[in-house]
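Heads up, the thing below is written out as structure tokens.
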Amino acid sequence: MGRAEHPLDAVIELVPELRGAIEVSPLTGGLTNANYKVRSSAGTFVLRRWSDDTGLLAIDRDNEYENSVRAAEVGVGAPVTAYLPSHNTLVIEFLPGRTLSSAVLRQGGRMEALAAACRRLHSARAFRDDFDMFAIQSRYRALVEQRGFRLPARYDHYAGHVAAIATALRVRAEAVVPCHNDLMAENLLELDGRLRVIDYEYSGNNEPSFELGNVWSESDLSPEALEQLVTAYWGAALRHKVARARLWGLMAKYGWTLWASIQDGVSPLDFDFWGFGMEKYERAVAEFDGPDFERLLADAGRAD
């Protein structure tokens with residue numbers, strides 16, 4: 001059943017910590033779920049509800065739940081209060097931190113804290129599933145074709161570039177660790193002098209360099225900021241690690257473009273998913289066609 005068959009107040013009463021809620025208010029900003037802040041005598045919580053269509057986006061809710069628990073164990077994610085899969089609902093504790101934005105990250109000064117948050121997350125128990133951006137992009141592309149969703153102009157023209165990235169990244173492959181894989185700035189909270197990470201819909205075991213490249217890509221940070229982040233994470237300014245993170249960031253932009261195309265076709269939310277995706281795609285095209293692409297392919301396979 002989708003969330004429409006289960007009224008919000010009825011779901012709240014199913015969770016002991018939420019019963020007799022004092023205040024329930026919607027939280028804005030989510031692009032996949034309907035989120036609510038619920039205050040009760042037991043504390044303050046976030047109730048996340050999703051529609052059945054989110055399965056098209058390669059989201060496995062059992063995987064999200066299990067990985068959320070493991071992220072909380074290492075103090076980077078929010079503690080999990082309840083999981084009601086038959087009611088399309090996950091409940092976590094509310095973290096009263098400052099939600100970041102891309103603009104804030106671009107101001108600088110947070111790369112050390114961001115690297116520390118990633119290292120904490122990557123030290124968690126292995127996540128349930130693996131995450132493969134190449135496989136997800138391929139799955140999204142097939143779905144766009146099957147459903148007749150919009151596809152950006154010349155999208156398939158860059159299939160050869162994607163193959164070249166895959167070949168380059170196989171040369172010095174990294175051991176996988178538990179990763180978030182969708183580090184938009186809005187999934188980062190500043191709390192008690194540290195960064196916390198929320199929303200584990202796309203979490204899975206992956207290369208650390210994907211995580212670093214993805215956060216760089218999502219917030220459109222400068223190449224210098226990525227170098228700072230890579231240096232803070234690895235403890236040294238490694239040319240092949242910077243190149244690897246940039247290539248993963250490029251692959252993320254190219255793949256998540258189709259996420260936006262699918263959302264444009266199915267989501268009931270009042271949000272310009274097509275514009276959101278095209279912004280990513282245009283930045284990806286600029287990198288595919290730019291002067292650094294061939295150098296990055298070479299640098300990713302070289303020893304410093």
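Couple of notes before you dig in:
- Pairing each residue of the range 68-93 that is closer than 19 Å to R49 by Cβ with any residue that is part of a strand (DSSP E or B) and among the polar types (S, T, N, Q), provided the two are 6+ apart or on different chains, yields C-beta distances under 8 Å for A82/T89; Y83/T89; V91/T81; I92/T81; E93/T44; E93/T81.
- Residue pairs meeting the criteria (Cβ under 6 Å; at least 6 apart or on separate chains; first outside the structural domain of Y158 (by TED's automatic domain parsing) and outside any helix (DSSP H, G or I), in the range 270-290; second surrounded by fewer than 19 Cβ atoms within 10 Å (Cβ to Cβ) and of a type in the set (S, T, Y)): none
- Only residues that are closer than 16 Å to E112 by Cβ and part of a loop (DSSP other than H, G, I, E, B) were counted in the range 179-191, giving 1.
- Residue count for the range 25-41 under the criterion of being at pLDDT 95 or above and either crowded, with 16+ Cβ neighbours inside 10 Å or closer than 30 Å to E145 by Cβ (or both): the result is 3.
- Residue that is surrounded by the most Cβ atoms within 10 Å (Cβ to Cβ) [pool: residues in the range 96-136 that are farther than 16 Å from V197 by Cα and aromatic (F, W, Y)]: F131
- Residue match in the range 57-65 (condition: within 30 Å of A232 (Cα to Cα), in contact with a Lys or Arg (Cβ under 8 Å, 6 or more places away or on another chain) and not assigned by TED's automatic domain parsing to the domain that holds M184): yes
The values are calculated or read from the model by the stated rules, or taken from the named source; none is laboratory data. These figures come from a predicted structure and were not determined experimentally. Glycine also receives a Cβ, built like all others from the backbone with ideal geometry; neighbour counts cover every protein chain displayed.
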